[in-house]
Amino acid sequence: MSKVLIVAEHLGGQLNPATAKVVAAARAISPEAIDVAVLAADPAAVAAEAARIEGVSRVLAVANPANEHPVAQVYAPQVAKLAEGYSHVFGPSTTFGKDLMPAVAALLGTGQVSDLMSVEGPSRFTRPMYAGNAIVTVEVPADETVVATVRVASWQAAAGGGSAAVENVAVDATLPTHTRYKDLSQAKSDRPDLQSAQRVVSGGRGVGSAENFEIIYKLADRLGAAVGASRAAVDAGYVPNEMQVGQTGKIIAPELYVAVGISGAIQHLTGIKDARTIVAINKDPEAPIFEIADIGLVGDLFKVLPELEAALS
Ligand SMILES: Cc1cc2nc3c(=O)[nH]c(=O)nc-3n(C[C@H](O)[C@H](O)[C@H](O)COP(=O)(O)OP(=O)(O)OC[C@H]3O[C@@H](n4cnc5c(N)ncnc54)[C@H](O)[C@@H]3O)c2cc1C
């Protein structure tokens with residue numbers, strides 16, 4: 001019978017919503033137990049949050065001053081120790097998980113399944129390839145621990161309302177000294193986080209300039225949405241890099257995605273293919289974005305957006 005260990009992602013004493021999506025993926029295996037490990041200097045608040053995710057059996061709270069910052073090389077030996085007795089060790093396919101899980105896999109002497117999209121059995125999974133143009137089925141040898149990152153855009157978060165037990169656990173692992181935390185450079189914004197927002201408004205090259213992007217921010221604020229951008233808009237310097245959506249940017253799955261002045265290149269679409277409703281605003285009726293949009297509006301964005309905003313208010 002399977003037992004899954006999930007590594008919780010958290011920052012500033014708050015659990016990242018990606019963790020509940022990883023729990024959803026773990027539930028698809030129908031395991032005997034799903035335990036969530038919270039590594040932190042003081043894990044109490046995050047552990048309590050994790051315990052409320054439905055489907056979680058136990059939360060393992062690992063308090064250690066060395067865990068104050070999420071450094072993969074420091075976390076990995078502890079997770080590898082905790083992994084004893086588990087058939088699966090999962091983390092989110094976020095920057096955190098992509099950094100940590102390969103190190104865990106290496107310490108366990110196994111490979112890693114990346115971007116797990118669906119579960120076909122305890123050791124059979126699907127994952128995207130070629131920017132989502134091909135879906136491949138991967139099979140892990142049944143006698144090996146399955147270490148995987150879960151593609152968060154493919155899973156609906158497990159609901160709240162659980163009441164798992166929280167256990168304080170001491171892990172006896174040798175921690176490296178060659179990798180140290182220096183600082184975290186993070187964009188500050190009052191808007192919702194792009195990766196986890198329910199609504200996202202993105203602007204492309206069609207927006208024309210950094211100043212013009214104000215029109216995108218206005219609509220986003222009216223909708224309570226996060227703001228994203230195409231790579232062309234980022235490369236042109238209209239917005240910073242962390243706002244890029246797509247193959248080499250963020251992969252997102254909001255309820256509503258509004259693409260403004262974006263043509264719909266395959267590399268952009270890769271980032272939004274799991275969005276529930278896609279609205280496209282583009283002056284070119286032949287733009288490829290209209291092929292995947294649920295709602296398309298052909299028109300000049302500088303005319304359409306103020307009208308939309310007025311209608312919304
Ligand atoms: C390896 C690789 C990785 C890549 N990764 C990414 C990625 O992660 N994300 C990404 O987005 N791209 C990525 N790209 C780039 C991608 O191929 C496209 O070049 C890019 O997405 C185009 O951005 P765009 O749609 O904003 O610009 P364009 O393709 O130039 O489209 C602009 C659109 O705006 C419309 N428009 C212009 N003016 C107006 C107006 N006034 N009103 C309404 N509509 C207007 C035009 O009709 C046009 O459709 C990648 C490319 C490569 C090779």
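Okay, here's what the table says:
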item	result
Between 0 and 90°, nearest 10: helix 72-82 axis offset from the chain longest Cα axis	50
Kirkwood hydrodynamic radius of the stretch 1-148, Cα pairs, Å	15.2
Heavy-atom accessible area per residue - the chain, 1.4 Å, Å²	48
Gain in span if fully extended, Glu54 to Ala159, counting 0.36 nm per residue against the direct Cα distance	37.2 nm
Eligible aspartates and glutamates near Lys3 by straight Cα distance, threshold 20 Å, same-chain separation 8 or greater	Glu32, Asp35, Glu54, Glu84, Asp115, Glu120, Glu139, Asp143, Glu144, Glu167
Other-chain or far-sequence residues with amide H under 5 Å of Ser2's (modelled H)	Glu32
Between the stretch 122-179 and the stretch 29-99, the Cα center-to-center distance that results, in Å	11
Share of carbon and sulfur in the accessible heavy-atom surface of the stretch 49-201 [1.4 Å probe, %]	47
Degrees separating the helix 301-312 axis from the principal Cα axis of the chain, which is the longest one	70
Mean residue ellipticity (222 nm) of the chain, computed from DSSP H runs ≥ 4 via -39,500 (n - 2.57), nearest 500	-7000 deg cm²/dmol
For the chain, convex hull of alpha carbons as volume per residue, Å³	139
Span from the the stretch 247-313 Cα centroid across to the the stretch 182-211 one, whole angstrom	15
Charge context of His10, other residues only, Cβ under 15 angstrom, K/R +1, D/E -1	-4
Anchor Lys188: lysines whose Cα lies under 19 Å away (excluding residues fewer than 8 positions away in-chain)	Lys218, Lys250
Principal-axis tilt of helix 95-107 within the chain, Cα atoms, nearest 10 degrees	30
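The values are calculated or read from the model by the stated rules, or taken from the named source; none is laboratory data. Values in this document were obtained by computation on a predicted structure and should not be read as measured data. Quick reminder, even Gly has a Cβ in these numbers, built from the backbone with ideal geometry, and neighbours come from all protein chains shown. Just so you know, the surface numbers come from the protein's heavy atoms only, side chains and all, with ligands and any DNA or RNA stripped out. Shrake-Rupley method; radii C 1.70, N 1.55, O 1.52, S 1.80 Å.
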